[in-house]
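The values are calculated or read from the model by the stated rules, or taken from the named source; none is laboratory data. Quick caveat, the model's predicted, so the values are computed rather than measured. Cβ placement follows ideal geometry from the backbone for every residue including glycine, while neighbour counts extend to all protein chains displayed. Heavy atoms of the whole protein, side chains included, go into the accessibility calculation; ligands, DNA and RNA do not. Shrake-Rupley method; radii C 1.70, N 1.55, O 1.52, S 1.80 Å.
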4 protein chains.
Amino acid sequence: MSEQVKYDAPTVEQEIEVISTYHLEEAASHVVPKGGFDYMAGGSGKEFTLKRNDSAWDKKGILPRVLANVENPDTSTSIFEHDLKVPFIMAPIAAHGLAHATKEAGTARGISEFGGTIMSISAYSGATFEEIDKGLNGNPRWFQIYMSKDEEMNKNILDEAKQDGATAIILTADATLSGNRERDITNKFVYPFGMPIVSRYLTGSGENMSLNNIYAQSKQKIEPSDVKFIAEYSGLPVFVKGIQTPEDALLAIGAGASGVWVSNHGGRQLDNAPGSFETLEAISKAVAGQVPIVFDSGVRRGEHIFKALASGADIIAVGRPVLFGLALGGYKGVKSVLEYFETDLKRVMQLAGTQTIEDVKNAQLFDMK
Amino acid sequence: MSEQVKYDAPTVEQEIEVISTYHLEEAASHVVPKGGFDYMAGGSGKEFTLKRNDSAWDKKGILPRVLANVENPDTSTSIFEHDLKVPFIMAPIAAHGLAHATKEAGTARGISEFGGTIMSISAYSGATFEEIDKGLNGNPRWFQIYMSKDEEMNKNILDEAKQDGATAIILTADATLSGNRERDITNKFVYPFGMPIVSRYLTGSGENMSLNNIYAQSKQKIEPSDVKFIAEYSGLPVFVKGIQTPEDALLAIGAGASGVWVSNHGGRQLDNAPGSFETLEAISKAVAGQVPIVFDSGVRRGEHIFKALASGADIIAVGRPVLFGLALGGYKGVKSVLEYFETDLKRVMQLAGTQTIEDVKNAQLFDMK
Amino acid sequence: MSEQVKYDAPTVEQEIEVISTYHLEEAASHVVPKGGFDYMAGGSGKEFTLKRNDSAWDKKGILPRVLANVENPDTSTSIFEHDLKVPFIMAPIAAHGLAHATKEAGTARGISEFGGTIMSISAYSGATFEEIDKGLNGNPRWFQIYMSKDEEMNKNILDEAKQDGATAIILTADATLSGNRERDITNKFVYPFGMPIVSRYLTGSGENMSLNNIYAQSKQKIEPSDVKFIAEYSGLPVFVKGIQTPEDALLAIGAGASGVWVSNHGGRQLDNAPGSFETLEAISKAVAGQVPIVFDSGVRRGEHIFKALASGADIIAVGRPVLFGLALGGYKGVKSVLEYFETDLKRVMQLAGTQTIEDVKNAQLFDMK
Amino acid sequence: MSEQVKYDAPTVEQEIEVISTYHLEEAASHVVPKGGFDYMAGGSGKEFTLKRNDSAWDKKGILPRVLANVENPDTSTSIFEHDLKVPFIMAPIAAHGLAHATKEAGTARGISEFGGTIMSISAYSGATFEEIDKGLNGNPRWFQIYMSKDEEMNKNILDEAKQDGATAIILTADATLSGNRERDITNKFVYPFGMPIVSRYLTGSGENMSLNNIYAQSKQKIEPSDVKFIAEYSGLPVFVKGIQTPEDALLAIGAGASGVWVSNHGGRQLDNAPGSFETLEAISKAVAGQVPIVFDSGVRRGEHIFKALASGADIIAVGRPVLFGLALGGYKGVKSVLEYFETDLKRVMQLAGTQTIEDVKNAQLFDMK
């Protein structure tokens, strides 16, 4: 299994020009080792859902609005105790070290320098809490847990995350085993480094282990009582991540979730699922404002952020584009990508006649037949 | 007509890594002689229906479900007297010898080593019942009949199938003549070996004969009374295979069928027909549980099995992918393919929040607009 | 304008193997001079309607039917006084001499040798009535008129067509000027030979004239009174050709038409029109059996004939595929193409469980969403 | 920023053969410097809306009509005090000098020689009013304003436009900042010459400035009161340009607009907007004849003009194709393009059975599913 002798992650740190995040993906494919790139960029099965996460956006159009009295739109919003300058945050993603030698610490620093947003720290981080902390420099963070089969381990991890300053816990509920990652199977991909946060419950550090192997050692049977346990033990708001149906949104809330995280794991888990955006509106109607909704999977443009907000999301999480920025420019690249999203969203808001995030939420989308 | 002097079927026996069955088809095209491969892989006309059998799956999405308390899903089910470990069986396919020198005996052995499923034996088998028996090693089997114009021949064949241990008869009702197989016409394809089971009513053994020729010598006028005859004469449950409408499903049941076999013959008969999966739901509603439904045509992934079950099928029959496995690895390849389907189905069940086949049958699919 | 010095039409006479008529088109493109081929095969504008004539068939599926007691289906039908062995006839097409040196006489002979169908003779024929007669050998014929601005000319042409034995007149109502034939404009296409039937009212013989020029010299203002005039003067049943709406079908009948000819001129006139097949069902409902309906534009397969009949057409006219057969094999090629359609239709009828043309007309098509 | 040392605009003046305007675009790409061509031809973002402006036409078909008594259709119409020989006019476009050395004066001369239509003069013209006047030779003109932040500047510009003979003012309301022009960003495009009309309120002449920069110096906060101001100050009818919703159409009328200009700025502003044609019908219903509707964005064929008229537009504005004609043939090329549209529209009118523009407006389109 340990075929990877050395993994040469990029090390360059520079601001990057972001013409589009699709260009970033193309560019990143040239600097990131193939196994790592395919792991980051790929989806499951025939990548139907991965592609649908993108094409689903085209099912709704944004209507240009005029005479709307808009100038220099205001992208600020808030969630829980956090005032944000933008309605998007960093999605939890494993193993940033595949993209850049600075790992999650690089991402954290880019986020910190951009400011006014939140970093989600994955339990499958290749960096330690301490390393990430340095980069994050006091900026807010949420912690994404992959549960162990051992309750004590879960308590231990939660303790540490809380001590690290996490202000919410994201329970990954859609990854009870690995999706059918055909690219990784073809590449015989294994992680080239360990995962210090979850290694406590793994046989092995994570290094030279496949995703399948790691998932198999994690808890598969995720139940409503797990939500309750995390909420009560940590005393923190809990998001259930991986919601794609109104039924599960209500189930999560009933189990004690303080937030619903609409996601299909970036098209990496159940292939043949609809595009994540296609599921948002019905979920939003069912949730009916009881708790905030975070949305991810397929966000690549300001238009996408706009559409998700207009369809009921409160906060949008962006993932892969930030990692591609990390690969291309380290923390400076991360900052460039976040700035791109901010600029692009502002432009869309202006042209759609929306001055505030509240206006965006009230915008009517056009049904593209 | 007898242009084929020698047909070099593959002979290798080895386990194969199944990344996807689409990869298998590609790989098989390199080891199987062109005429044989095109016969196996091809469809009729412009192959609209062949392709639609695949694209029709995309019309329904599977919804990821979370907090569902699922772990290690149970794929077992049963039909008639048979308890199966998986809800899929081997579809009846002619002339396995095109794929591998061990012919149907190789397929049978692979099925036997996988265990817990059923082999459908085609009347157009290139192997004898005796040869197949050795491979099958006591595992259950159903027999697919192509009727002769001569009633005595039909009795004779049924006697033999029953004596061989068949526990059900599959009446092929959708192949009263050959579809418009443009690939075969282009290749001037003829079978390179005889068909011992039906040769008794052919002029010739089957060797060096075209499909058109063989079909022309079989019975074309299939009527409800044929169902009744087979059921009464054999005393076995009869499936009518090739059902694509609610009307014909009810007609078959009225004629004495104990099961409905939804199929468009893998897109090999009437081109311009809808995808087989598109027809399933309406048929299932009409059948309303009176008899079990077997589904085939286009099944290539665990997701497909899931969707067919969720749309009313009780048992799914897989065909070409198993033959491609046979071509690539003999009986070991067959076993690898069956294991792939089992693994893939389990993964889908887990991610869709379904613990049992009954749960799958009750799952709601997402209408992909 | 007279850039074409010599036009080398094919001369070979041979039976041809028709795998599909799409293959024929490809093959014909290699033996017919480019200007002539593009004229025959091309459509107007961006060829949206030309392509849609083909893709429109995919909007309806044919349902396989089983246990239908069908054997050796009967394709015979009749229209007016003619008993036909097949429900398809030859569509009127100009200038067969572009395809083959034997011109319309070659087509006529192929039709005659096939037998049991009708030839439509275009007023833009490159052959004389006498030449066509020899090939047609007593087989039935209809005459398609392009009206002159001069009523006496029209009478003269009708007299001659009637004397030649035409049993119906087809009034071309959709070609009051030339469609936007971008291929012909690019090729600077002019007819390489004269048109003896209409040359009486042209300035010139037709040779070295563009379609635009010829149309401009024909009558543009076609009115209901023209239908009445032709019907009364000729005493023959009149089809109005080019109907694409229920309104025009009823208008034509009200004006004295004995038949409605649904056609968009093979996608050669108004581009951006729907596929001809898309318009058929509504027209058929409006006509409600008052007069027979002939359908053309886009017919390439037995499945197409089946679908048109099942959607309300009584007779299907095939055009370009016959010309491609003429190009590839002269009269023998024409016969091969007609046989192909007969064989293909029979196969479809068998697999769709229809014994007679009446059964086909009653068949339910499947709505392909 | 000032990387462009010299911009070699085409200078040739010749009549051009217009087979289709798509061919023109292709041909223009070979003679216009890349930066200029991409600026003219490109759209924003992933150019979804740019492409949709074209593909949206395919959602409605034009029905061929027969026996309609049509001959030599009449394309004349009128708007306000102007009698036009065609229902299409020149859309306002910036910087014609990118296409041809004669700049807007060349376009104006082509329009003048064609006659019977209206030129829209953009405030971002590279030519002065005086230069344009010479070409326009007394033909009617409308003036498109990009507002300054300085009200006195706006008055000054309006004074000058009125003095120049503008009979209507077009208020650009959809370009309060620049769309996300990825091609221009990639090319680092800046205008190679100044803009004499708006340079009075720019820091700089416009030369070597990016569109982003220029827009930033223009007024962003466009309000209903701006419509009222322009109407009252100029005493001229005002169009609000950039309307894509019924709501904004009514808002504009309420604010004093004398016309609604349906446009999405040629797909250059808000990407992910629907095709402009998709929005027309609902707007037309809402406006209900209160004021005339001008339509632009995506018009490339006579069929498009027909469809827009049949969907509620009164006047169609054509833009890029005219610029491509300018690039290929100067004022003579402009005239050739206008003649093409006239010829193509007449042909479509004839084949659709419509004698007058009023008939076209009453034509029923076919819903292409």
Once Lys and Arg get +1 and Asp and Glu get -1 on their Cβ, which of C:Pro87, A:Phe189, C:Ala173 lies farthest toward the positive end of the dipole of the protein assembly as shown?
A:Phe189
Whole-angstrom gap from segment C:322-361 to segment B:330-358, using each part's C-alpha centre:
45
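Could you list, in their original order, any pairs among C:Lys103/D:Lys59; A:Lys188/B:Lys346; B:Lys59/B:Lys335; B:Lys155/B:Lys361; D:Lys85/D:Lys241 whose Cα atoms are separated by more than 32 Å? Provide the component values of the computation, followed by the final result.
Values: C:Lys103/D:Lys59 40 Å; A:Lys188/B:Lys346 21 Å; B:Lys59/B:Lys335 30 Å; B:Lys155/B:Lys361 38 Å; D:Lys85/D:Lys241 23 Å.
Exceeds cut-off: C:Lys103/D:Lys59; B:Lys155/B:Lys361.
In debye, nearest 20: dipole of segment D:169-273 around its Cα centre with unit charges on the Cβ of K, R (+) and D, E (-)?
Dipole size: approximately 260 debye.
Using C-alpha positions alone, give me the convex hull volume of segment D:328-369 per residue in cubic angstrom.
100
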Only residues of segment C:42-70 count here: report those whose backbone N is under 12 Å from the spot 7 Å along Cα→Cβ of C:Ser29, or say none.
C:42
Whole-number D in µm²/s for the protein assembly as shown (Stokes-Einstein; Kirkwood sum over Cα pairs; 25 °C, 0.890 mPa s):
69
Compare the peptides A:19-25, C:123-129, A:147-153, B:162-168 by average per-residue count of other Cβ atoms within 10 angstrom and give them in order, highest first.
C:123-129, A:19-25, B:162-168, A:147-153
For the protein assembly as shown, give the magnitude of the charge dipole about the Cα centre (Cβ charges: +1 Lys/Arg, -1 Asp/Glu; no others), in debye to the nearest 20.
280
Nearest 100 Å², what total accessible surface is buried between chain A and chain D (probe 1.4 Å)?
3000
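Determine, from the Cβ-Cβ distance of D:Lys228 and D:Glu130 and an R0 of 35 Å, the FRET efficiency 1/(1 + (r/R0)^6), rounded to the nearest 0.05.
0.70
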List, in order, the whole-Hz ³J(HN,Hα) value for each residue of segment A:309-320 obtained from phi through the Karplus relation with A = 6.51, B = -1.76, C = 1.60 and θ = phi - 60°; use x for Gly and Pro.
4, 5, 9, x, 6, 9, 9, 10, 9, 10, x, 3
Just to confirm the numbers: D:Thr11, label point 7 angstrom along the Cα-Cβ line, distances to the other copies in nm, shortest first?
5.6, 5.6, 7.9
Measure out, as a whole number of angstrom, how far apart the alpha-carbon centroids of segment D:234-253 and segment C:85-129 sit.
59
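Roll a 1.4 Å probe over the protein chains and send me the accessible area per residue for segment A:9-367 in Å². Working shown, then result.
Details: 10860 Å² over 359 residues.
Averaged over the residues of segment A:9-367, the accessible area is 30 Å².
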Can you tell me the dipole magnitude for chain B around its Cα centre, using point charges on the Cβ only (Lys, Arg +1; Asp, Glu -1), in Debye to the nearest 20?
560
Closest-to-axis residue of chain D (Cβ criterion, axis taking D to C), whole Å:
D:Lys369, 6
Apply the Karplus curve 6.51 cos²θ - 1.76 cosθ + 1.60, θ = phi - 60°, to the phi angles in segment B:11-24 and return the couplings in whole Hz, x for Gly and Pro.
10, 5, 10, 6, 5, 10, 8, 9, 7, 7, 6, 5, 4, 4
Between copies, how close do the C:Lys162 label points come, placed 7 Å along Cα→Cβ, listed in nm from shortest?
7.3, 7.3, 10.3
Peptides ranked, highest mean first, by Cβ atoms within 10 Å: ranges A:353-362, D:84-93
D:84-93, A:353-362
Within segment C:205-234, whose backbone N sits under 17 Å from a point 7 Å along Cα→Cβ of C:Phe80?
C:227-234
How far apart, in nanometres, would the label points at B:Gln364 and A:Gln290 be if each is projected 7 angstrom from Cα along the Cα-to-Cβ direction?
1.5
Below 8 Å, C-alpha to C-alpha, sequence gap of six or more: please give me the relative contact order for segment B:134-252 in percent.
32
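Run the accessible area of the protein assembly as shown with a 1.4 Å probe and give the carbon-and-sulfur part as a rounded percent.
So the carbon and sulfur contribution to the accessible surface is 47 percent.
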Placing a label point 7 Å from Cα toward Cβ, how far apart in nm is D:Glu130 from its equivalents in the other copies, listed shortest first to one decimal?
7.7, 7.7, 10.9
Using θ = phi - 60° and the Karplus relation 6.51 cos²θ - 1.76 cosθ + 1.60, list the HN-Hα couplings for segment C:348-357 in order, rounded to whole Hz, with x at every Gly or Pro.
5, 4, 4, 6, 9, x, 10, 8, 10, 4
Relative contact order of segment C:51-189, please, whole-number percent, based on alpha carbon pairs below 8 angstrom and at least 6 residues apart.
17
Can you list residues whose amide H is under 5 Å from B:Gln144's amide H, if they're 5+ apart or on another chain and H is modeled 1.01 Å from N?
B:Ile121, B:Ser122, B:Ala123, B:Ile170
More than 26 Å apart - percent of Cα-Cα pairs taken over segment A:59-213
36
Set the Förster radius R0 to 45 Å, insert the Cβ-Cβ distance between C:Asp159 and D:Glu113 as r into 1/(1 + (r/R0)^6), and round the FRET efficiency to 0.05.
0.35
Across peptide B:275-281, what mean number of C-beta atoms from other chains lies inside 10 Å of a residue's C-beta?
2
Only counting protein heavy atoms at a 1.4 Å probe, give the residues of segment C:237-264, ordered by number, whose accessible area falls by 40 Å² or more when the other protein chains are present relative to the chain alone.
C:Thr245, C:Asp248
How many partner chain Cβ atoms sit within 10 Å of a residue's Cβ in peptide D:174-181, on average, as a whole number?
5
Take peptide A:347-356, look around each residue's Cβ out to 10 angstrom, count Cβ atoms belonging to other protein chains, and average those counts.
5
With the convex hull built on the alpha-carbon atoms of segment B:9-367, volume per residue in Å³ sits at 116
Note down the relative contact order for chain B as a percent, whole number, built from C-alpha pairs under 8 angstrom at least six residues apart.
29
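Reported to two decimal places, what Rg/Rh ratio describes segment A:241-369 when computed on Cα atoms with Rh from the Kirkwood expression?
Values: Rg = 15.2 Å, Rh = 15.4 Å.
Rg divided by Rh gives 0.99.
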Nearest 500 deg cm²/dmol is fine: what mean residue ellipticity at 222 nm does the protein assembly as shown get from its DSSP H runs of n ≥ 4 alone, each adding -39,500 (n - 2.57), divided by its residue count?
-12500 deg cm²/dmol
